[in-house]
Amino acid sequence: MLFEQSFWPGIADGSITLTFRRWKGPRAVAGRRHRVPGGMIEIDDVRQVDPESITDDDASRAGYRNAVALAADLRGEPDQPLFRVAFHHVGIDPRTELAAADRLTDEQVAELDKRLARLDAASRHGPWTAATLAAIASRPGVRAGDLAEGLGRERDPFKVDVRKLKNLGLTLSLEVGYRLSPRGIAYRRARGERAD
C-alpha cells in the first residue's frame, strides 16, 4: 500500500490510522500487514463508504485538515467505489533492522553468497546481483531508470530485482534512487569489493 511522503511521519507516530481509496474492489484485507515507509502497518478494517459520509474526524485520522481537503485529494475515477481502510502501526519493518547491521560474521557472508547465487541462477537475464550492488554503490541517489540503462536493463524488471536485494537488507530506497545499506556495505567489504 503506497502513501505519499507527507503521510509517513504520521503513520510512524500512530496519528494517521485511516486512508481512503477509490478501487474497483477492495485491495486490502483485515489482518494483513504491509510495509510502508516508517515501518509496518496492519489492516484493521476495510469497508466501502459513501464519500459524503466522511467526517472531519475521519479526515484528521487520515492526515487531512478536514473532510473537504480529503475529498479534494481523492484519486481514481469518481465512479469507482470508495473504501475506508483502518490500520495501525505495528513497528519497524524487519528489513530496516536487518539493513542496519554493519558487521557480518563469516556465516552471514556465506549465507548471503548462497542467496545471491540463487537469485542469479533463477534470473532469465543472467547473473545480476553483483553488478547491481556495484552500480548502486558507485551511483547512490541515481534514478532507477538511469541505473537500469547503465546495466542494459529495463527499468521495471530492474526495480523488482533491487527489491529482492532490499529484502536481504543490502540496499535502501531513497526519495530518488537507492544506496547500499550498512549491511550492503559490510557485505561488499567482506567480499573485497568497494562499497563506495
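None of the figures in this text is laboratory data; all of them are computed from the coordinates on show. Source: prediction; values computed, not measured.
Of note:
- Proximity of backbone amide H atoms, modeled 1.01 Å from N, is registered between Leu168 and no other residue at under 5 Å, excluding neighbours fewer than 5 places apart on the same chain.
- Whole-angstrom Cα spans of the chain along principal axes, big to small: 60, 33, 26
- Note on the chain: helix-only mean residue ellipticity at 222 nm, from DSSP H runs of 4+ residues weighted -39500 (n - 2.57) and normalised by residue number, equals -12000 deg cm²/dmol.
- Per-residue ³J(HN,Hα) for region 175-190, Karplus 6.51 cos²θ - 1.76 cosθ + 1.60, θ = phi - 60°, Hz, x for Gly and Pro: 4, 10, x, 9, 8, 5, 7, x, 5, x, 5, 4, 5, 5, 5, 5
- Karplus-derived HN-Hα couplings along region 12-20 (A = 6.51, B = -1.76, C = 1.60, θ = phi - 60°), whole Hz, x at Gly and Pro: 5, 8, x, 7, 9, 10, 9, 9, 10
- Coupling constants for region 121-136 follow from the phi torsions by the Karplus curve (6.51 cos²θ - 1.76 cosθ + 1.60, θ = phi - 60°), and in residue order they are 5, 7, 6, 7, 10, x, x, 9, 5, 5, 5, 5, 4, 5, 5, 5 Hz; glycine and proline get x.
- For Arg22, the amide hydrogen comes within under 5 Å of the amide hydrogens of Arg75, Phe83, counting only partners 5 or more places away or on other chains and with H modelled in the peptide plane.
- Computed from Cα atoms alone, the Kirkwood hydrodynamic radius reported for region 47-143 is 18.5 Å.
- Gyration tensor (Cα) of region 95-190, equivalent ellipsoid semi-axes in angstrom: 20, 16, 10
- Relative contact order (percent, whole number), the chain, Cα cutoff 8 Å, 6+ residue spacing: 20
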